[in-house]
């Protein structure tokens, strides 16, 4: 049975604020075949990339990234919101579609020269991904690619990342919404 991943994503209007059409993957995650197909497709693509570790962005990127890291026998690194990691951290403030936020990564997460995939559920303006890439680069790593379940091309995040020389892979587009 072929699963239509886009049909498994729920849209919640006006969340977290009026005018935002929130694309919720929790409905995809609770669907066993949909979740499995999502991870399988991402792993199939990632197998073509030379990389050392996976960074998952809080919070849904943890779910996707950890499953991929397990399937590929790679290390997993969580990038968390400010104040959530217990060790020494690097911090980066970044712009969101609807404000600003701060993310952190442990300073011992990445060794100089390591190649790191960045994984998240959704790419909108690219602010979170760009913040994570900046942290990875400050720690001496490089990012060959950002991988997401959903891209919102009208918000131009993919274009911003590609302008920086970062490839983007996505499974689903939600255009014009």
Cα shape, the stretch 23-101, gyration tensor, a/c 1.5 rule
oblate
DSSP beta bridges in the chain: the antiparallel percent, rounded to 5, is 40 percent
With a cut-off of 8 Å between alpha carbons and a minimum separation of six or more residues, what is the relative contact order of the stretch 39-173 in percent?
22 percent
Roughly how far apart, in whole Å, are the Cα centres of the stretch 73-89 and the stretch 10-34?
25 Å
Ellipticity estimate at 222 nm from DSSP helix runs (n ≥ 4, -39,500 (n - 2.57)) divided over the chain, nearest 500:
-8500 deg cm²/dmol
Between 22, 76, 35, where does the largest GNM mean-square fluctuation fall for the chain, given springs only between Cα atoms within less than 10 Å?
22
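Read-outs throughout are calculated quantities, based only on the coordinates presented, and are distinct from any laboratory measurement. What you are looking at is a predicted structure, and each value in this text was computed from that prediction instead of being measured.
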